[in-house]
Amino acid sequence: MGMTRRWFRRRPSDDEMREELEAHVAMRAEHDRVDEAAARRRLGNMLRTRESMRRVWIAEWWDALRQDAHFTWRSWWRQPGFALGAILVLALGLGASTALFAALDRVLFRPLPYPDPDRLVSVGRITVPLVFETQTESLIDMFYLQEWGSPPPPFQSVTAIAVGPRCQIADEQPQGLSCRRVEHSFLRVLGVRVALGRDFAPEDDVRGAAEVALISHALWVRRFGEDTGVVGRTLSLETGDAIGLLGSILHVRIIGVLPPDFEMPLADTADILFPAHLRPLDANPRSRMGLTVLARLRPEVTPERAKQMLESGWPKTRQLPVGPGVREEWLVRPLHDRRVGDATRVAWLLVGAVAAFLLIACVNVTNLMLARVGERRREFGVRAAIGAGRMRLARLAVVESLLLALAAGGIGLLVAFALLDTFVTMAPPGLPGIADASIDLRVFVVAALLVIVAGTAVGVWPAIAVFRVGALHGLRSTATSSRGARPRVRFALVTTQIALTLALLGGSALLLRSLWNVVNVPLGFDGERVVTLTAGLSPLRYPTIEHGSAFFEQLLARAQAMPGTVSVALSNVPPPPLLSSVRLPIDVEGRPVEPNVLRPLIRFRSVTPHYFETFRIQVVRGRTFQETDLAGEPAVALNETAERMLFAGERALGRRIRFPALPSIPGLPVVERPWYTVVGVTADVRNGQALTDVPNPEIYFATRPGRWVNVLPAGPAGNLSLRTAARPDDAAAFLRQIAADLDPKQLVTIQTGDELFTTVTAQPRFITLLLTAFAALALLLAAAGLYSVAAYLVTQRRRDMAVRVALGAAPRDVAGHVVCEAGRWIIGGAVVGCALGWMGTRALQSQLYQVEPLDPWSWTGALLALAVVLVMAVCRPAYRAAHIDPVAALRAE
Amino acid sequence: MSTERLDLPQGTLDLLILKVLSLEPMHGWAISERLRLVSKAMLQIPQGSIYPALHRLERRGWVAAEWGPSDNNRNAKYYELTKLGRKQLSAESDEWARLTTAVGFVLDMK
């Protein structure tokens, strides 16, 4: 008969109880030869009988639980140190896990906020291998409109998102809004209904139709105070058109409001949605654009199957001229994957770390509880002897651990609230949805599950240990006897803990070294005393490029006159380390262009003289830009990578380059671009998406703002960078004042070099900080665990040791014995930990910069830290062992 | 011999049921009938009180229960002593013997 079945024995149903009594009545009637009513009377009050039968099952269970809880509470009260310690340790583990789950839920687990989200996919063509690192699937509008008039077979419906203009409400304090152009079917494909008004209709989405708009719920609340009369009202917006240089005023009629919980499919924000007006196809090929295409799969069609079907239906859909060794293929992937992207890898890494931490916390508490079982052997022995069943005692241990977990869960929830706040403020960009992370019902349920699992896990070994004590009837072997069972389990637990801790320590050491490398990566520029200003000018007040350039020229002149200014320059795109997003292929004079070959895209910046001085970018060959470069012969500078790439080992100085003629589409008048002479070659600058990317080729054109080749999808925009001798914060304040004097209505962003730098290193900082915090806490817990076991060892062997001391052993030998024993388990843990770390750090590889996963320095450092802390933990027990007073110890027997 | 019926001391009913069941598996009615016969109707046992006691024993794992056909083809719940129950029976019988002996000694005191 199973012992465990006894506690959780199935309670008979009410029907069963009734049937049992009915059988009795029937037999009684038959035997006594009376009718059923009489037999019933002889049985007594049937209702009450059934009630007391029921109570046997319920009350005993509940009573036992209450008694156990009461007993546990009293024993905690007697030893508050144990209870507090265990609860805090577990609360930390549970709190950290809960907070991390809340933060990463949207990245890893939560389904997309649309009905039937598994059938939503992102569809597009992609070059293999990727021609540029950030490429994602897209379709060119020409193909999409011509070939996919109705959805292809694998899809039930298809919709597209076009490039959206920057926009803001005219005549308002500047606040950047984000507007998106989408096909009229957009909301229907997602399965979303408007909260107010109506959805886009097909006739709204025809080129030349009157402009209509859906506004976000947030905008409706913020700007219109939830006025339901907003539908039908006309809104004047300043926008840039999709690819134009200049903006315009757009009068749109609001037709509806999006629901409050609406999220854009790619987790970007949209304040206003317009129809894309793609049809009929624009005759002007110069306005070709890439579309983000979403589709809803037919039931029973998988993304892989959809891809196969597209490959057979449209095998040769060429979108881009493709170079040798590069081919195009279809990419159909779940929308969730595209939305989350690379964030999953980081997220799983953090989940692994927090799981290890929770495990360590559980192991630690188990260990503490086992220590208590050891201390209370006598007590349990007595209880077992006077008739408390062993089962009852073991159950007590389980109840205790569950109560412990419950208390820890409560405190852990508070910890989680605090931690989540920290996570959200610290989190790097690129973890979608983290800003909305909160501890809601879903997170609460997961936290409750964690509590139950942790409580059970923590209780199992102590319950078994108590059971064994009961079996031995514990009185025979007293607490001080050396013949007590060796605490094998406890040692195994300590070893596990040490192993996990080492793995965490090693991982965080690797990340710390990697972060160190990232922070100290030679940037090629010096942003320390630099302040930058970025402004996207309102197309309403700056309708032409001339107006825009006048603004920047004046800004430049005033910034130059600012006290403390060392040098100032303008540029068309934001300064490093931020991404220069503008890339084009480049023609080299005297080298014929091979048609239909995809040439490398080269990042470029249009800058005014003093740009290199402002960022202290080193000019390796040739000269820096001068004022005369703006008026005279067009001048250009390359970085070394660009020189290598374009001139293949030859010197670039004095040669001429240009942008390719526009457009590269046959059948249209060709616009030739001017030639620029290379006057200088600069050192490479970190200009990629992350500091750790290899330097990209980059070209600097010496140009006035009025002649910027600006391909940003908006009105005139530009940046000013200023090196100051003053404090950067003061300079920033001064610059803000200057901009406000020039145009009080213009929105500008001002950042110091430090702030720019921090945004780029946010992700490695975040991961490193979290993992290091987990590792440090884990180390502390491991030390506590080892201390408690070593102390237990000394207590248990007190008599042996006393005898040895009495027989003349030196105190040093006795202490050495304890240290040796502990050392064996440290070494065991370290070996297992290294193996664990070796497996675990492969997952870490993508996060490491210029550090090998098996970096000897990191691992040695981790081992050293572990050894030092653990030896310190063993010190006190060893000291106690060395100072055993043999007389007192032996008398105590 | 007095004709007055005796009330059962607290907790003894469980012992009696265990004893009766040690002979063979039985259903509730048979147990109550057997108790009445064996005690020569001296013990006052309300028929209804058998069932909560049986369930308490089942709950503690001293008896196991199974539904089966009775002699006259009725469906009845049969109770059977478990190994644990047998142990419990012998422990409780010993205790009972010691108790009655001890009480007897005191009462026989001259």
Requested in this report: Give the shape of the range A:182-244 as rounded, prolate or oblate, defined through the alpha-carbon gyration tensor: a ≥ b ≥ c are the square roots of its eigenvalues, a/c under 1.5 means rounded, and otherwise the shape is prolate if a/b is larger than b/c and oblate if not.
Outcome: oblate
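Under the Kirkwood approximation for Rh and a Cα-based Rg, what ratio Rg/Rh is obtained for chain B?
Ratio value, two decimals: 1.02.
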**Report entry** the range A:330-370 shape via C-alpha gyration tensor axes, a/c threshold 1.5
**Finding:** prolate
Report summary line: Computed from every Cα-Cα pair in the range A:777-893, P(r) in 5 Å bins starting at 0 and rounded to whole percents is 2, 11, 18, 17, 13, 11, 9, 7, 5, 4, 2, 1, 0
Requested in this report: Per residue of the range A:548-558, in order, report the coupling 6.51 cos²θ - 1.76 cosθ + 1.60 (Karplus, θ = phi - 60°) as ³J(HN,Hα) in whole Hz, putting x for Gly and Pro.
Outcome: x, 5, 4, 4, 5, 4, 5, 4, 4, 4, 5
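For A:Val868 and A:Leu769, compute 0.36 nm times the residue count separating them, minus their Cα-Cα distance, and round to one decimal in nm. List each step's numbers first, then the result.
Details: separation 99, 0.36 × 99 = 35.64 nm, distance 2.20 nm.
That works out to 33.4 nm of additional length.
May I ask you to derive the FRET efficiency for A:Leu601 and A:Val521 from their Cβ-Cβ distance with R0 = 25 Å, giving the value to the nearest 0.05?
Details: r = 23 Å, r/R0 = 0.93.
About 0.60, to the nearest 0.05.
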Report task. Can you grab the distance from the C-alpha centre of the range B:34-49 to the C-alpha centre of the range A:537-570, Å, no decimals? Result -> 109
Report summary line: If the chain between A:Ala733 and A:Arg41 were fully extended at 0.36 nm per residue, the gain over the current Cα-Cα distance would be 239.5 nm
Query - Distance in nm between pseudo-label sites at A:Arg233 and A:Val34 (7 Å out along the Cβ direction from Cα) - result: 8.6
Query raised in the report: Can you give the angle from 0 to 90° between the axis of helix B:28-38 and the longest principal axis of chain B, with both taken from C-alpha atoms, to the nearest 10?
Result: 30
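Bear in mind that the values in this text are calculations on the coordinates, not laboratory data. Here the structure is a predicted model, which means the values were calculated and not measured. Using ideal geometry, Cβ is built from the backbone for each residue, glycine included, and neighbour counts are taken over all protein chains shown.
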